[in-house]
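A quick write-up on the structure given underneath.
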Amino acid sequence: MKLDVDVLRYLTKEDFRVLTAVEMGMRNHEIVPAELIERIAALKHGGTYKVMKNLLKHKLLHHDASKYDGFRLTYLGYDFLAIKTLVNRGVFSAVGRQLGVGKESDIFEVATEDGTVMAMKLHRLGRTSFRAVKSKRDYLKHRSSFNWLYLSRLAALREFSFMKALEEHGFPVPNAVDCNRHCVIMSLVPGYPLVQVKQLENPEIVFNTIIGIVVRLAEHGLIHCDFNEFNIMIDDDEKVTMIDFPQMVSVSHRNAQMYFDRDVECVFKFFSKRFNMSFHECTADIDGTAVDTDDSGRPSFTSIAKDTGFLDKELSASGFTKKDHEEIAKFIEGGIKKDASSDDEDTEDVGDTEDDEHTSVLNEANTMGIDSLQVVDQVLQHDEQVELEGNVRTCEGGPSSEPENEDSRNEEGDDETVDDDNDAELEKRLNKVRRRAVTAARGGRKTFASRNTYKDKGGKSSNSSKIQRQLSSW
Ligand code: ADP
Ligand code: MG
């Protein structure tokens, strides 16, 4: 997806005020009535329509007049809200080239004013070329409410939380710097995805390190679930970094064994094909350690001593409610099951252009729930944000009001009445998470000692330890 950040430079305060008003309106409306946007933004001299036209021109909003005259955010609009917020926080001040296109994400370089380069991952759940979409749609069929932006946001927070926790436990992962909406900022991993590497000086060592990571993850109660040559980065010194964690599951998941075996199998298969490795030889390295293997040298899931509390603890520490967790878990499961079972035959290409894709899926969706992690997203100055929140309350009778839109009434309505309390609590927790992330980025953490020769050696890269909190010209 194109991310023309030059547009960002030309956006005015009013543009962001209206964009924020649409985001707030999307808490209760799939398509936010134009009139409501105008009332929330409350621009002087009725300038909201002119601003909406400008936002539409830059594809930050999508216009929908099928039921009534209304608008919703596009992914680009959501990108700009996240980017603006992070720039305002001083996390970075420039966006550079695109580093990668994931299955459901776009990754860009970002830089601070002192030249520190980091990676920005924008989650794009619902990207329709992704082969798992069909099974995700099966899941959606049983839902009365749904929102891709909301799920992308949950996926980002989930990934950020895991990355931070894994780093603290000495796993070789990028340094988790910050997170806003569907956007995760992390250190730039040097090197390439393993899939691009044709030759290794020490394939056995790299292989052992990688399998060691899978085993050690399980010991910490986690299974990556997408552990393959696309999600393992390797640098010129053959140092391994694992990436891409939003889909991780707990070892107590009912399909844990299958997911674990599948992760292991991916690594075995790849090393056998690409580096002609035969595994009986390699497994001699791990004889006598805590990890049992089967005849073919694959580590045995049942013999690993697993600590199962990790996942729940980390997620709840990051502000995830039980419901958030269930929502994203169901969605993710659709994806990882599908990945396991087939390749491309079920791919559904719904649209040709990015915006068409997002439009088509977003239009099927309902948008309740977008506000559950809303409070830390201040694009505007604090008092302006408060003012707009006040306008939402006046227009809609507060967050506890029934949505006026029939489609958006759903079983999640109950939770809305406690939003204010939850929001305050959530804001506190998220701020804590952020502070810890920044501290970790500045200071570094101890790594766990390795009990097992089969394990990676932990440690973490230091290239990302500087986060400059600078004011930006944006
Ligand atoms: P997805 O979840 O969509 O698969 P990934 O997290 O795997 O996304 O990222 C997609 C690609 O972007 C990776 O294969 C890698 O090339 C690149 N990438 C992701 N994170 C980083 C990073 N921190 N540093 C450098 N490149 C990255
Ligand atoms: Mg990936």
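None of the figures in this text is laboratory data; all of them are computed from the coordinates on show. These figures come from a predicted structure and were not determined experimentally. A quick note on method: Cβ atoms are made from the backbone with ideal geometry, for glycine too, and the neighbour counts reach across all protein chains shown.
The modelled label-to-label distance between Lys269 and Gln381, using points 7 Å beyond Cα along the C-beta direction, is 5.7 nm.
A Förster radius of 22 Å combined with the Cβ-Cβ distance from Glu204 to Ser303 puts the calculated FRET efficiency at roughly 0.50.
Would you order Ile205, Ile211 from fewest to most other beta-carbon atoms within 10 Å of each residue's own beta-carbon?
Values: Ile205 14, Ile211 29.
With the fewest neighbours first, Ile205, Ile211 line up as Ile205, Ile211.
Note on Asp237 and Glu113: with the Förster distance fixed at 35 Å, the Cβ-Cβ geometry gives a FRET efficiency of about 0.75. Counting charges near His45 (Lys, Arg +1; Asp, Glu -1) among other residues having Cβ under 14 Å from its Cβ returns a value of +1.
Taking amide H as placed 1.01 Å from N in the peptide plane, the amide H of Phe71 sits under 5 Å from that of Val32, Ala34, Asp64, each at least 5 places away or on another chain. The gain in end-to-end length when the Lys50 to Thr12 segment is fully stretched comes to 12.4 nm, 0.36 nm per residue minus the alpha carbon separation. Placing a label point 7 Å from the Cα of Asp294 along the Cα-to-Cβ direction, the residues of the range 207-222 whose backbone N falls under 16 Å of that point are 215.
Computed from phi, the 3J(HN,Hα) profile of the range 11-20 under the Karplus parametrisation 6.51, -1.76, 1.60 (θ = phi - 60°) reads 6, 9, 4, 5, 4, 5, 5, 6, 4, 5 Hz, with x in place of Gly and Pro. So if R0 is 41 Å, what FRET efficiency would Lys323 and Gln196 give, r being the distance between their Cβ atoms, rounded to the nearest 0.05? The formula returns an efficiency of 0.55 here.
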